[in-house]
1. Looking for whichever is within 16 Å of LEU234 (Cβ to Cβ), at pLDDT 95 or above and among the polar types (S, T, N, Q) here; the options are THR162, THR78. Which one fits?
2. Of ILE201, ILE275, ILE212, which residue is among the hydrophobic types (A, V, I, L, M, F, W, C) and assigned by TED's automatic domain parsing to the domain that holds ALA19?
3. Residues that are more than 8 Å from the ligand (Cβ to nearest atom), at least 2 per element: which strands (runs of 3 or more DSSP E) completely within region 92-131 meet that?
4. For region 301-352, which residues satisfy the criterion of being within 14 Å of SER273 (Cα to Cα) and either within 16 Å of the ligand (Cβ to nearest atom) or modelled with pLDDT under 95 (or both)?
5. Which one of these is in contact with a Gly (Cβ under 6 Å, 6 or more places away or on another chain) and small (Gly, Ala, Ser): ALA248, ALA232?
6. Can you tell me which residues in region 267-279 are in contact (Cβ under 8 Å) with a residue 12 or more places away in the chain and either part of a loop (DSSP other than H, G, I, E, B) or away from the ligand (no atom under 12 Å from the Cβ) (or both)?
7. Considering only residues that are farther than 17 Å from ALA110 by Cα and out of contact with any helix residue (DSSP H, G or I) (no Cβ under 6 Å at 6 or more places or on another chain), look in region 7-24 and name the one that is surrounded by the fewest Cβ atoms within 10 Å (Cβ to Cβ).
8. For region 293-326, which residues satisfy the criterion of being surrounded by 21 or more Cβ atoms within 10 Å (Cβ to Cβ) and of a type in the set (Gly, Ala, Ser)?
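The values are calculated or read from the model by the stated rules, or taken from the named source; none is laboratory data. Owing to the predicted nature of the structure, the values given are computational and were not obtained by experimental measurement. Quick reminder, even Gly has a Cβ in these numbers, built from the backbone with ideal geometry, and neighbours come from all protein chains shown.
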Amino acid sequence: MTAGPVIIVGAGHAGFQLAASLRQDGFAERIALINDEGHLPYQRPPLSKAYLKGTSGPETLVFRPEKFYHEHNIDLVTDRAASIDRAARKLTLHSGTSLDYGHLVLATGARNRLLDIPNANLEAVRYLRTLDESEALRHLLKPGLRVVVIGAGFIGLEFAATARAKGLEVDVVELAARVMARAVTAEISDYFQSRHTATGIRIHLGVQVTSIEATDGRVTGVSLSDGRHIPADLVVVGVGVLPNVELAAEADLQVASGIIVDEHLLTTDPNISAIGDCALYKSERFGGSLRLESVQNATDHARCVAARLTGHAKAYDGLPWFWSDQGPDKLQMAGLTTGYDRVVVRGDREQGQFSAFCYRDGHLVGIESVNRAGDHMFGRRLLGAGGSITPEQAADPSFDLKSALK
Ligand code: FAD
């Protein structure tokens, strides 16, 4: 059990969930949630999906209305954390206010990785992580506008699909040899590439944008590393994120590609935890350190820390899962589909309903499903329990997956 106030820095998925779970778990002392965005805490996934289409207002994104924070006695503090005095257990905010903590939780998330090429600072070069960025972008999406998307990761492709559906001319430029190469198998990359191409999106692989061209401050196009030029009115950059580790680093906490925490999500300071996108945590399940960027990771980390702070400590052992909506297709992933040595396809790719079962040393490590929610839920249950089925069973359409859960 923790004595004294819990101060949470960052009111994204992880920070909000921690505050809510602490109250749900009976935590009775002060909770302050430091929110540096000018909105009630909100969900990010719709920013590149439904919200971008422009049919709903920002109120549809909030986790809870304002009265929730009053009713649950959660102090939502609009400010930004500036420094931590670990010896005095004090957090100082940009406004100059200092807050005492019994336990401090860093849920600072990640920020856009910025493009470092000529003209990258022009007004028509945009990013997509915050509500303000999505709000600004959705007003720009007018039929006929030419947009170049830099990066064919989840966010770049989700944006591209929405922009195309709204009648824009869309080119996607990606340095890797296939789309979403870091995250999914070639089977899934190929499927999504062909689906996006069929809608008229032009995908350029194995090339880099080397500069953005402009006349009188207006973007006119981009130049590629192979010498080609693509005309454009708008450039949207989706080249990944950087974890917000600076606050931790300045307080002499250990950081690498994230704030380093153990299997309990604790830093080396027993009074400070880190959760969500910013946390590089020790995973017993995967035998190494992981930093994940997903809603599942953020909310499950939060629940784990809430349990610890209310006297029910348990090592974090959540099974990663993720989704991405691209046009009419839903991609869902369970487990970690990296480091596999064999992929077995179940279902019908031509019908747009199939899954890639990924194996390492004959053991199932992850499942990527396209429009097959049943396979995904099966994967979450089976992998969550440490189970497996053979590659032959996965490939056999007559094999009843449910029987493997018994
Ligand atoms: P964040 O949501 O980044 O929140 C961190 C908060 O901390 C931010 O508000 C930040 O401004 C604030 N902060 C940082 N420093 C300070 C400071 N010093 N003081 C105060 N506040 C600070 N995941 C999925 O699983 N499925 C999806 O389909 C999906 N789609 C996505 C679409 C988009 C457009 C984006 C951007 C992300 C998407 N994600 C998706 C990823 C998911 O949203 C993130 O993994 C999740 O938001 C991580 O939550 P978090 O609380 O760790 O970090």
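1. Details: THR78 fails: within 16 Å of LEU234 (Cβ to Cβ).
On inspection, the qualifying residue turns out to be THR162.
2. Testing whether each residue is among the hydrophobic types (A, V, I, L, M, F, W, C) and assigned by TED's automatic domain parsing to the domain that holds ALA19 leaves just ILE275.
3. 98-100, 103-106, 125-127
4. HIS301, ALA302, ARG303, CYS304, VAL305, ALA306, TYR316, listed by residue number.
5. ALA232
6. Result: THR267, THR268, ASP269, ASN271, ILE272, SER273, ILE275.
7. This residue is GLN24.
8. ALA298, ALA302, ALA306, SER324, listed by residue number.
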